[in-house]
Amino acid sequence: MASTHGAHRILVASNRGPITYEVHEDGSLHARRGGGGLVSGLSAIGPDADALWVCSALGAGDREAVRRGVGETGVRMLDIDAEVHADAYNGIANSVLWFVHHMLYQTPLEPVFGVEFRRQWASYEAYNRAFAEALADEAAQRAVVIVQDYHLCLVPGMLRELRPDLRIGHFSHTPWAPEEYFRMLPDDIRAQLVWGMLGADRLGFLTWRWASAFMRCAGEVDRERIFPTSPSGDPRRSVEHSPTGRPPLRTTQIGVHGLGADAEFLRARSHESDVDQRMAVLRAEIGEGRKAIVRVDRTELSKNIVRGLLAYRQLLEDHPEWRERVVHVAFAYPSRQDLAVYRDYTAEVQRAADDINSQYGTPGWTPVILHVKDDFARSLAAYRLADVALVNPIRDGMNLVAKEVPVVSDEGCALVLSREAGAYEELGEDAVVVNPYDVIGTARALHEALSMPLGERAERTKRLAAAATALPPAQWFLEQLRELEV
Ligand code: G6P
């Protein structure tokens, strides 16, 4: 039968794509490639797989590339109206959904779901619709589509209506909110999000904690028409549903894929000469014979960098024997700087670091070394030399830094890990675990980690590295694909 469908058999959709373009002064366009789990996953299936990555044009360079028809084979960038995109991305995805799933609101004054929110929500719908239409247009008959993250929650439902033949998956890289917190959203919005997701044949999460939270939220949204299976003990969990509440019920499978670190890539990359150079510079900054507590984060509100600094200050108070003998190396790289609350948070991080340095610093010792300019080679250098890694997010889907440090560490590194990070499920046993809000407890954990005998530290690091690499990015992707293809 002749078909007007596209030719691609495997499609991925995400807001941020694998490539970005910049326009240089002479008008030429330059491409920069990104990394991450999806990039390795797609390269693992090879160029013959007819794969297509649908993503959004994010900056002026990307939009120009779309207009000039410049592009990579295998990538389709959508030039969605810049204001619609800003409302959907900054307004809804990053200021509402990210806040709900990471529980970031200061609730006496926020959130306020008024007229402005409704206007932005309409943009979120339009932006999701643009993705659904592009995917419907590009996908071959019975193709597999994997949609990524909270930016695109409505896509599975919209796409199912346009193309019921497709196998649709959605993967959440964030936590999912507990039902009491999710209930803050207006009821119709909650329902739209859940029904949007349930358009998928399969929903993937990073841990069972987030998967179960989704199932509870889904059940609560519409008890007459949405029926999560009992989450106890059954590894094949699912949500059954029907628009009428009567048979035939459709089933959405729920799966968990704990994305791991890419050991092969990290080990090779961390021994290149630029990393060695940065290690020498960092060692000089830290000073001879001192221990290093390292943290590397994008400056997200959920990463808890300020409380990390407060805990370090508490350590210097409670254990003055560490003064002059330890340095906190904190890399806080810029993220989402269009949002004022992110800019303010970055300034707060800077202030907290400056306070510690002026209170405790001596002519030969700077207690906190803070860098805010992204430098991947320097991050790897810090991973290699860290004595302690501090990963204390208030809530985190997984946290790959916790998984990367043990893989790259030269001589073993003690991991101080928040019990609210997804990585805790896999790494908790060999980490020093903290409640991220408890700065005195975190200071105690830092002391314990700094005092850990080197032999024990090396043994734990080995076990952490094994757990951290159990599901490398390529397998993580292939596993999802396999589940959807059956
Ligand atoms: C973090 C989250 C992902 C999310 C990404 C978006 O890495 O873990 O779930 O997709 O942020 O970041 P962006 O810079 O595109 O806003």
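Annotations for the structure displayed:
- Residue that is surrounded by the most Cβ atoms within 10 Å (Cβ to Cβ), among those in the range 301-312 that are of a type outside the set (G, A, S) and closer than 18 Å to I286 by Cβ: Y312
- L315 meets each of the listed conditions (1) more than 16 Å from the ligand (Cβ to nearest atom); (2) surrounded by fewer than 17 Cβ atoms within 10 Å (Cβ to Cβ) apart from (2).
- Any hit, the range 58-81, residues being aliphatic (A, V, I, L, M), touching a Leu at 6+ places or on another chain (Cβ under 9 Å), free of Cβ contacts under 8 Å to residues at least 24 places away in the same chain and closer than 21 Å to A132 by Cβ: yes
- Taken as a whole, the structure places L58 among residues that are touching a His at 6+ places or on another chain (Cβ under 9 Å) and in a loop (DSSP other than H, G, I, E, B).
- Count - residues of the range 15-29 that are touching a strand residue (DSSP E or B) at 6+ places or on another chain (Cβ under 6 Å), under 10 Å from A57 (Cα atoms) and without any contact (Cβ under 8 Å) to a residue 60 or more places away in the chain: 3
- Condition met for A468 (within 23 Å of the chain's Cα centre (by Cα) and in contact (Cβ under 8 Å) with a residue 12 or more places away in the chain): yes
- A86 being closer than 23 Å to Y124 by Cα, without any contact (Cβ under 8 Å) to a residue 24 or more places away in the chain and of a type in the set (A, V, I, L, M, F, W, C): no
- Selection status of A330, buried (at least 21 other Cβ atoms within 10 Å of the Cβ), in the same structural domain as V434 (by TED's automatic domain parsing) and modelled with pLDDT of 95 or more: yes
- Within the range 296-312, if we keep just the residues that are charged (D, E, K, R) and within 16 Å of the ligand (Cβ to nearest atom), the residue that is farthest from D387 (Cα to Cα) turns out to be E300.
- Test: Q141 is within 16 Å of the ligand (Cβ to nearest atom), in contact (Cβ under 8 Å) with a residue 60 or more places away in the chain and of a type in the set (S, T, N, Q): no
- Here I293 meets the list (1) hydrophobic (A, V, I, L, M, F, W, C); (2) more than 22 Å from the chain's Cα centre (by Cα); (3) under 23 Å from E426 (Cβ atoms); (4) assigned to a helix (DSSP H, G or I) almost entirely, failing just condition (4).
- When the test is whether a residue is within 16 Å of the ligand (Cβ to nearest atom) and farther than 18 Å from V112 by Cβ, L152 passes it.
- Number of positions in the range 67-111 that are within 13 Å of the ligand (Cβ to nearest atom) and touching a strand residue (DSSP E or B) at 6+ places or on another chain (Cβ under 6 Å): 0
- The set of residues from the range 396-410 being within 14 Å of the ligand (Cβ to nearest atom) and among the acidic types (D, E) comprises D396, E404.
- The one condition in (1) basic (K, R); (2) in contact with a His (Cβ under 9 Å, 6 or more places away or on another chain); (3) more than 22 Å from A353 (Cα to Cα) that R216 fails to fulfil: (2)
- Candidate set: the range 252-274, residues that are under 25 Å from the mean Cα position of the chain (by Cα) and assigned to a loop (DSSP other than H, G, I, E, B); chosen: the one farthest from I168 (Cα to Cα): S270
- Enumeration of residues in the range 333-371 that are under 23 Å from A93 (Cα atoms) and either in contact (Cβ under 8 Å) with a residue 12 or more places away in the chain or of a type in the set (K, R) (or both): Y333, P334, S335, R336, D338, L339, V341, Y342, R343, Y345, T346
- Scanning the range 280-304 for residues that are in contact with a Lys or Arg (Cβ under 7 Å, 6 or more places away or on another chain) and either closer than 30 Å to L339 by Cβ or free of Cβ contacts under 8 Å to residues at least 24 places away in the same chain (or both) yields D297, S302.
- Condition check for V115: of a type in the set (A, V, I, L, M, F, W, C), away from the ligand (no atom under 14 Å from the Cβ), over 24 Å from D396 (Cβ atoms) and touching a Leu at 6+ places or on another chain (Cβ under 9 Å): no
- Some residue of the range 97-118 being among the β-branched types (V, I, T) and over 21 Å from C217 (Cα atoms): yes
The values are calculated or read from the model by the stated rules, or taken from the named source; none is laboratory data. Predicted, not measured: the structure shown is a model, and the values here were computed from it. Note that each Cβ is placed from the backbone with ideal geometry, even for glycine, and that neighbours are counted across all protein chains shown.
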